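Shown next, in structure tokens, is the structure this report addresses.
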Ligand SMILES: Nc1ncnc2c1ncn2[C@@H]1O[C@H](COP(=O)(O)OP(=O)(O)OP(=O)(O)O)[C@@H](O)[C@H]1O
Ligand SMILES: [Mg+2]
């Protein structure tokens, strides 16, 4: 089922404009992530799609050819995974997963066979009789997913499904979740404020800021062609090169850099992995800090611009603090974004 | 837990410290609960009938009927108080409106009154000179009947249940209800599957208090029960008027056992429904 959200906004009773008029469409079977910093309105948008929040007048939500804007949540047939999972503590794993089917008043044996199937898919067979409080965080997350998916919803909505887990587990479950979502063949929207999570799971990412969807595209598009400093910074931590643009040259404190095209009226951004320590490089600076990350070093270099410029260094013998180094940046790695596009 | 010696070399260990803390409670229980109870029990067998006095209670309609009536009125009070307070409590904890605070303090006003005053209020409402009797052409006097007693007990119980339910309702996770609703649960199913199980511990605790209070209520009964009898009243009359101390003691013991047994049954029943729920 495709989802189309048009002109949808939300003003809370206290006057907070949590969501400004927003457009979003999600194709059938597509997995879209809503990515953005805390308080930017991701949960609000998700809850409006679910029917848990009433949008402002003029908003429209279409599920395929049905206008569901005024349809209550009970009849929208969406599956939802809550941040806290919201599993029913008074029911077993099996009863939790079967709840939606029970509400649809399906025959008992059909419920049983469907629940068994979903439990198997989510590798929860051995826990089927358990009470909820006897499960680990990761198991709860899978039960929540199984419960949402069991009634065959038209769409799956997930609000930060991994944020209740600790960092190590989160990474492992991220790939598992990505795999499961693809196995379900279902249209899914999931909210996260973690760019790695969004990139790993989603086919398409919609980046949000202050109640707006500022850019939406595949992870690669967002990474390579951000349309605003905000997206460049939020997706892949791009740094602004603070210098003076003159035609297709950028003048920095530590040297001059060739731009891919005429950069007049633009700010220039670069990512740490594109800043190379290179004896032939046109820029010159001093190593301020070296941090070891296992696979690579992060090297902070001063003297090239006012702020410290960060470079990732993958080789064996990283430069020492205090050393002077040459730095090069390939023109195609520079991102030119119009000035005044700050969001 | 291992018992570790105090760093200051005192011989007092964790365990003995805990025991020392419990000593006052132990002495208190012994002096004010256990000993009088034993005495009460011995007293009940000291009458002419001996221990057969308990058979007497079961055989004589005056006692048995009173016991049944007391239990029934208390049960009715408990369920009515739970029903009224749960709906009101849910509403009050979910909605913010002008006058909410005032309404809440009016609803909890009875907490400030002793049973006698509550009985008096019921008489003012449904007695011979009562408000209802004056407003209606027929002679509607209910203060001195079971209905008056029931209303008095109810008035007494509502605030206790209400406050407990409201505290529990504020702790309910709203996401649980939303989860049920996304899966197509009707408002009725949400109440049955989410709200009631979530409130269950509070309902049991406050229901038990309401029931036990009603079983033992004296002040209200003393003012209202002129035409009917409840067990605390009978105990009082046996004790003061008839000086039948054995019977008063036996009835006290029976009242205690019946209340305690019913509370135990309620707790185990609700425990098993919670476990088997869903
Ligand atoms: N019930 C409410 N009443 C008033 N304001 C609200 C309400 N719920 C959310 N807001 C406000 O709306 C804005 C967006 O909230 P929302 O929960 O959608 O953010 P979010 O992007 O999900 O953030 P997070 O990543 O922290 O979950 C915030 O400024 C928040 O304070
Ligand atoms: Mg949120």
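We did not get these values from a lab; they are worked out from the coordinates using the rules stated. Source: prediction; values computed, not measured. Heads up, the Cβs are rebuilt from the backbone with ideal geometry, glycines too, and the neighbour counts pull from every protein chain shown.
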Ranked by GNM mean-square fluctuation in chain B (Cα springs under 10 Å), the top entry among B:239, B:17, B:41 is B:17
What helix-only [θ] at 222 nm does chain B give? Using -39500 (n - 2.57) per DSSP H run of at least 4, over all residues, to the nearest 500, the answer is -23000 deg cm²/dmol
Here the FRET efficiency for residue A:261 versus residue A:308, based on Cβ atoms and R0 = 30 Å and rounded to 0.05, is 0.65
Rounded to the nearest 10 degrees, the helix A:137-149 long axis (Cα) sits at an angle to the longest Cα principal axis of chain A of 60 degrees
Shielding of A:89-101 by other chains, given as the mean Cβ count within 10 Å, works out to 4
Distance in nm between residue B:226 and residue A:166 label points, each 7 Å along Cα→Cβ, equals 7.2 nm
Yeah, chain B with a ≥ b ≥ c from its alpha-carbon gyration tensor (a/c under 1.5 is rounded, else prolate when a/b outruns b/c, oblate otherwise) is oblate
With T = 4 °C, eta = 1.567 mPa s and Kirkwood Rh from C-alpha pairs, the Stokes-Einstein D of segment B:196-278 in µm²/s is about 89 µm²/s
Once residue A:116 and residue A:136 are pulled to full extension, the length gained, defined as 0.36 nm per residue separation minus their Cα-Cα distance, is 5.2 nm
If one compares the long axis through the Cα atoms of helix A:108-121 with the longest principal axis of the Cα atoms of chain A, the angle in degrees, nearest 10, works out at 20 degrees
Between the Cα axis of helix A:167-184 and the main Cα principal axis of chain A, the angle (0 to 90°, nearest 10) is 60 degrees
Taking alpha-carbon centroids only, segment B:28-80 lies from segment A:237-313 a number of Å equal to 90 Å
By the C-alpha gyration tensor axes a ≥ b ≥ c (rounded if a/c is under 1.5, else prolate when a/b exceeds b/c, else oblate), the shape of segment A:1-64 is oblate
Nearest-0.05 FRET efficiency for residue A:83 and residue B:14 at R0 = 56 Å, using Cβ-Cβ distance, is 0.85
Ranked by GNM mean-square fluctuation in chain B (Cα springs under 10 Å), the top entry among B:121, B:172, B:224 is B:172
Connecting every pair of Cα atoms under 10 Å apart in chain B and solving the GNM, the largest mean-square fluctuation among B:46, B:157, B:186 falls on B:186
Mean projected area (nm²) from the convex hull of Cα positions in the protein assembly as shown is 45.1 nm²
For residue B:60 and residue A:317, extending 7 Å from Cα along the Cα-Cβ vector and measuring point to point gives, in nm, a value of 10.9 nm
Segment B:164-233 and segment A:125-145 have their Cα centres apart by a whole-number Å value of 30 Å
With a ≥ b ≥ c from the Cα gyration tensor eigenvalues, square-rooted, and the rule rounded for a/c under 1.5, otherwise prolate when a/b > b/c and oblate otherwise, chain A is prolate
